[in-house]
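Here is the structure we will look at.
No lab work stands behind these numbers, since they all come straight from the coordinates. Remember, predicted model here, so these are calculated numbers, not experimental data. Positions of Cβ are generated from backbone atoms using ideal geometry, with glycine treated the same way; all protein chains shown enter the neighbour counts.
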């Protein structure tokens, strides 16, 4: 079943990219040079995503006002999630890990050049304790909500703190 799910996610991503390429081509735009994610966003406000490795919780504020709080899983022993302050480097609605058997990483928010990201997981029973290979995992609905918030406000207006 997991293999079938992986294939379906990949097929959906390929179809979405093919459709975008057709639409852009019809509009006279070369698809290879286009990134549909905006750095700026359409809504004002600064987002701060704070991940507390001790409590395995994420708190999201917009302009200092608490908007969301989620249980997470950070890196297990030997695969630590790095501490510090980070910027969003990229957003990917669906990503597949090249390092870990093409594992699906829906709603990925990448924050290090080493591939650390905040993303959805199907292993929701493991949330609340360290379990990942260094990424920050969220329940699928929580990851989708966070991804949408960052898209609306923009990558430039989002900072990530891991404590």
**Asked** Given the alpha-carbon gyration tensor of segment 67-106, what are the semi-axes of its equivalent ellipsoid in whole angstrom, ordered largest first, with each equal to the square root of 5 times an eigenvalue?
**Response** 19, 17, 13
**Item:** Inverse mean reciprocal Cα-Cα distance (Kirkwood Rh) of segment 71-163, Å
**Value:** 13.1
**Message:** Cut-off 15 Å, label point 7 angstrom out along Cα-to-Cβ of residue 124: give me the residues of segment 138-159 whose amide nitrogen falls inside.
**Reply:** 138-146
**Complete:** Here the gain from full extension of residue 65 to residue 80, 0.36 nm per residue of separation minus their alpha-carbon distance, amounts to 2.5 nm
**Euclidean distance between Cα centres, segment 116-163 to segment 47-64, Å** = 10
**Message:** Starting from 0.36 nm per residue, how many nanometres of slack lie between residue 98 and residue 50 once their C-alpha separation is accounted for?
**Reply:** 14.6 nm
**Request:** Taking 7 Å along the Cα-to-C-beta vector as the label spot, tell me the residue 141-residue 161 distance in nanometres, rounded to one decimal.
**Result:** 2.9
